[in-house]
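Asker: Handing you a structure now.
The values are calculated or read from the model by the stated rules, or taken from the named source; none is laboratory data. Computed from a predicted model, the values in this text were never measured in an experiment. Neighbour counts are summed over all protein chains in view; Cβ atoms, including those assigned to glycine, are modelled from backbone coordinates with ideal geometry. Just so you know, the surface numbers come from the protein's heavy atoms only, side chains and all, with ligands and any DNA or RNA stripped out. Shrake-Rupley method; radii C 1.70, N 1.55, O 1.52, S 1.80 Å.
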Amino acid sequence: MAQPRILILGAPGAGKGTQSANIVEEFDVEHVTTGDALRANKDMDISDMDTEYDTPREYMDQGELVPDEVVNAIVDEALTQADGFVLDGYPRNLEQAEELEEMTDLDVVLMLDVGEEELVHRLTGRRLDPETGEIYHVEYNPPEDEEVEERLVQRDDDDEETVRERLRVYHENTEPVVEYYEEEGTLERVDGEQTPDEVWEDVKATIEDAA
Ligand code: ADP
Ligand code: ADP
């Protein structure tokens, strides 16, 4: 396989960002993530797109999905420029999955399985290093360096109320996407409740097997 084209699925907090960083390092592919792309463009003017709100911010702060038209354009542009990639955070509904099928073929579709209460615990304890983009957790994965610890930030939407709403949106809109790939016969499930290193072992082996 030249550069693998990988899709990583999983609920908010399942560990997609954490494992995507490993995938990028090991397989030398681009990390294409709609969440990061949207956070970097939260106040972009989308009023010409006939949407309910004028910027992505209103949707994201409430834990709702940003309109497909906005997100599809971001992914299409990023995939055109990438050789191999790991796509994280997209597709989040069936319309996006159909759109993706028009854009590219996939070599591997991974699904990280994690139970509901563990997801809430992971998301509310998530912290990010604004300088390196590294993902930490107050309990599971705290930084060793005190200087790093002091500069960690929490995402606006990682408070418990918004987390619960994001999980509701996931069940309603994104679980059908998981079923879509399951029915297609391409979905590879990984037990995402193991330690990050154990999850990575399974993820790596699954990608290598698909090669
Ligand atoms: P996602 O991108 O799917 O939302 P992240 O990779 O950001 O998920 O992980 C969510 C939180 O859970 C982070 O705080 C991360 O450090 C932590 N985490 C990731 N993988 C594991 C794991 N296997 N076990 C425990 N905590 C994890
Ligand atoms: P998580 O860590 O919960 O998986 P992301 O960083 O992927 O979260 O997404 C954060 C927010 O960005 C979502 O709650 C949603 O508002 C918006 N977003 C990200 N990807 C998409 C998408 N594919 N479609 C619509 N909205 C999206």
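Asker: I need a count of the residues in the range 196-207 that are open to solvent by 40 Å² or more (accessible area, probe 1.4 Å) and either touching a residue at least 12 places away in the same chain (Cβ under 8 Å) or farther than 13 Å from Asn22 by Cβ (or both).
Answerer: So the answer is 4.
Asker: How many residues are out of contact with any helix residue (DSSP H, G or I) (no Cβ under 9 Å at 6 or more places or on another chain) and not in a helix (DSSP H, G or I) when one looks only at the range 155-174?
Answerer: Number satisfying all stated conditions: 0.
The rows are residues; the columns are (1) among the hydrophobic types (A, V, I, L, M, F, W, C); (2) over 29 Å from Tyr140 (Cβ atoms).
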site: Ser20; (1), (2): no, no
site: Arg39; (1), (2): no, no
site: Asn72; (1), (2): no, yes
site: Val75; (1), (2): yes, yes
site: Asp88; (1), (2): no, no
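Asker: Mind telling me which of the residues Val108, Val70 ends up being away from ligand 1 (no atom under 16 Å from the Cβ), over 24 Å from Val203 (Cβ atoms) and of a type in the set (A, V, I, L, M)?
Answerer: Checking each option against the conditions leaves just Val70.
Asker: While we're here: Can you tell me which residue among Tyr170, Tyr136, Tyr90 is among the aromatic types (Phe, Trp, Tyr) and open to solvent by 30 Å² or more (accessible area, probe 1.4 Å)?
Answerer: Tyr136
Conditions tested, residue by residue: (1) within 12 Å of ligand 2 (Cβ to nearest atom); (2) surrounded by fewer than 17 Cβ atoms within 10 Å (Cβ to Cβ); (3) modelled with pLDDT of 95 or more.
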position	(1), (2), (3)
Arg126	yes, no, yes
Asn141	no, yes, yes
Glu150	no, yes, yes
Arg155	yes, yes, yes
Asp158	yes, no, yes
Glu161	no, yes, yes
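Asker: Quick check on the range 115-133: of everything there that is near ligand 1 (Cβ under 9 Å from one of its atoms) and touching a Leu at 6+ places or on another chain (Cβ under 7 Å), which residue is farthest from Leu152 (Cα to Cα)?
Answerer: Leu119
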